[in-house]
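Just so you know, all these numbers are worked out from the coordinates, no wet-lab data involved. What you see is a predicted model, and the numbers here were worked out from it, not measured in a lab. Cβ coordinates were reconstructed from backbone atoms using ideal geometry, including for glycine residues, and neighbour counts include every protein chain displayed.
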Amino acid sequence: MNFVIKLAVTALAVWIAFSVVPGLDWTGSFWNLVVVALLIGLANVIVKPLLVLLSLPVVILTLGLFLLITNALVLQLVIWLSEPERLDLGITSTGFFWATFLGALVISVVRFVVERVVKVD
């Protein structure tokens, strides 16, 4: 049950990010949003630890602020996988840095707040 709640929270966070951040566009269905949330979860489990490990000196030097960049890289990977040429999930980004960075920031903040309110372990 915890997995379903975390998936729903991630899908909600992605929907809010794509609604609020200019430059991030979503034209797919609800199920496409669920698949995107699954891809984000999978990328956070597989890719993000590798990115953090490879960038550990920079993370330490910036006192953890570089982790925001790793979040943006993970989101950009999911956007790249979701393009029409690959999985065609209906999400696009017009610019890498600001749109993706702000989108990753919004997703992180919304997930943090909602998981604290819902009390997800």
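Of the labelled figures (i) 0.96; (ii) 1.12; (iii) 1.02, only one reflects Rg/Rh (Cα atoms, Kirkwood Rh) as derived from the coordinates, namely (i). From the alpha carbon centroid of the stretch 1-16 to that of the stretch 44-99 is 18 Å. Legend: calculated FRET efficiency, E85 to V120, from the Cβ-Cβ distance at R0 = 35 Å, rounded to 0.05, equals 0.50.
With 15 Å as the cut-off, how large is the P(r) tail for the stretch 51-121, expressed as percent of Cα-Cα pairs? Everything past 15 Å amounts to 62 percent. Shown in residue order for the stretch 20-36 are the 3J(HN,Hα) couplings computed by the Karplus curve 6.51 cos²θ - 1.76 cosθ + 1.60 at θ = phi - 60°: 9, 8, x, x, 9, 10, 10, 10, x, 8, 4, 5, 5, 5, 5, 5, 5 Hz (x for Gly and Pro).
Across the chain, Cα pairs under 8 Å and at least six residues apart give a relative contact order of 38 percent.
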